[in-house]
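These notes are about the structure you will find just below.
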Amino acid sequence: MKPGAKSRFCVYCQFVEKNEVTEEEDKKRDGYLILKWYRVFHIDDTVGIESKCQAVEPGSNLSPIQRAEDVISAYLQRESTLKFFNEEESASAYYSPARDEVVVPRLAQYQLAEEYYSTAFHEFTHSTMHESRCNRKPESPITRFGDKDYSREELVAEIGSAMLCNRIGIENERAFNNSAAYIQSWMKALKNDNRMIVWAAKKAEEAAKYILNEKD
Ligand SMILES: [Zn+2]
């Protein structure tokens, strides 16, 4: 390790199936989620270890991932009031509770399709806060960027997105690292209260199941 190197908080979650299932039974898959956290060092802070990551060329032609598209279109079909905009060149992604709409940049603006879906699932997880869905109300009626409610909701959205990507099987190291860094930053805002991540993971699981239309 290089002198002065600092570790980062890293979250790992994985869906574990209870039984072997055939493809027809796939929709009824039964299992549980494992959530672990570690402190990790960036490879640039180590000595004598070579990175296995390959450089990503920007501007590559990306194709939609059908499994992820299917989840999104089924969710939108069930949620008739929810609007989704992904055709415009956009610098940001957001969910507007007032308009009940999710906006994300176009797929072509990303370096990897997995990153696009990771962003889209983050915003769709936010959309489950709606009272007709998972009804996650903030404790305080006024939620501002950086306050406790805002940080908690960001944790829910990012963990929900990681769970959905894992569940659909579209995880990618780069997208995952971005998620871990994002979760770490919100954990910091919540003063690294580990109970908060357990609470957020529970809410994220509810949200992911809601989006996948899986009942308990
Ligand atoms: Zn968010």
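Could you grab the pairs with beta carbons closer than 8 Å, sequence gap of 6+ or different chains, first residue in the range 76-96 and touching a residue at least 40 places away in the same chain (Cβ under 8 Å) and of a type in the set (A, V, I, L, M), second one part of a loop (DSSP other than H, G, I, E, B) and surrounded by 15 or more Cβ atoms within 10 Å (Cβ to Cβ)?
So the pair list comes out as Leu82/Asp100; Leu82/His130.
Being part of a loop (DSSP other than H, G, I, E, B) and away from the ligand (no atom under 16 Å from the Cβ) is the filter here; which residues of the range 87-108 pass it?
Those that are part of a loop (DSSP other than H, G, I, E, B) and away from the ligand (no atom under 16 Å from the Cβ): Glu87, Glu88, Glu89, Arg106.
Filter the range 183-199 down to the residues that are among the β-branched types (Val, Ile, Thr) and surrounded by 15 or more Cβ atoms within 10 Å (Cβ to Cβ) and list them by number.
Ile183, Ile197
Arg67 - would you say it is under 30 Å from Ser132 (Cβ atoms), under 20 Å from the mean Cα position of the chain (by Cα) and at pLDDT 65 or above?
yes
Among the candidates Ser51, Ser60, which residue alone is at pLDDT below 80 and open to solvent by less than 50 Å² (accessible area, probe 1.4 Å)?
After applying the criteria, what remains is Ser60.
Of these, Ser80, Ser73, which one is modelled with pLDDT of 75 or more and either open to solvent by less than 50 Å² (accessible area, probe 1.4 Å) or over 18 Å from the mean Cα position of the chain (by Cα) (or both)?
Ser80
Going residue by residue through the range 133-143, is there one that turns out to be open to solvent by less than 20 Å² (accessible area, probe 1.4 Å), under 19 Å from Ser161 (Cβ atoms) and away from the ligand (no atom under 12 Å from the Cβ)?
Quick first cut of the range 133-143, residues open to solvent by less than 20 Å² (accessible area, probe 1.4 Å) only: none.
So far as the range 133-143 goes, no, none of its residues is open to solvent by less than 20 Å² (accessible area, probe 1.4 Å), under 19 Å from Ser161 (Cβ atoms) and away from the ligand (no atom under 12 Å from the Cβ).
For the range 120-132, enumerate the residues that are within 16 Å of the ligand (Cβ to nearest atom) and surrounded by fewer than 19 Cβ atoms within 10 Å (Cβ to Cβ). Walk me through it before giving the result.
To start, the set of residues in the range 120-132 that are within 16 Å of the ligand (Cβ to nearest atom) comprises 120-130.
His130, the sole residue that qualifies.
Tell me whether the range 109-118 contains one or more residues that are open to solvent by 20 Å² or more (accessible area, probe 1.4 Å), out of contact with any helix residue (DSSP H, G or I) (no Cβ under 7 Å at 6 or more places or on another chain) and more than 12 Å from the ligand (Cβ to nearest atom).
yes
His130 versus (1) part of a helix (DSSP H, G or I); (2) out of contact with any Phe, Trp or Tyr (no Cβ under 8 Å at 6 or more places or on another chain): which is the lone unmet condition?
Unmet condition: (1).
Within the range 155-182, track down each residue that is near the ligand (Cβ under 10 Å from one of its atoms) and open to solvent by 10 Å² or more (accessible area, probe 1.4 Å).
Glu158, Tyr182
Confirm whether Arg152 is within 16 Å of the ligand (Cβ to nearest atom), without any contact (Cβ under 8 Å) to a residue 60 or more places away in the chain and of a type outside the set (S, T, N, Q).
yes
The values are calculated or read from the model by the stated rules, or taken from the named source; none is laboratory data. In this text, all values refer to a predicted model and were calculated from it rather than measured experimentally. No Cβ is skipped: glycine too gets one built from the backbone with ideal geometry, and neighbour counts run over all protein chains shown. For the accessible areas, the whole protein counts, side chains as well, though only heavy atoms, and no ligand, DNA or RNA atoms are used. Shrake-Rupley method; radii C 1.70, N 1.55, O 1.52, S 1.80 Å.
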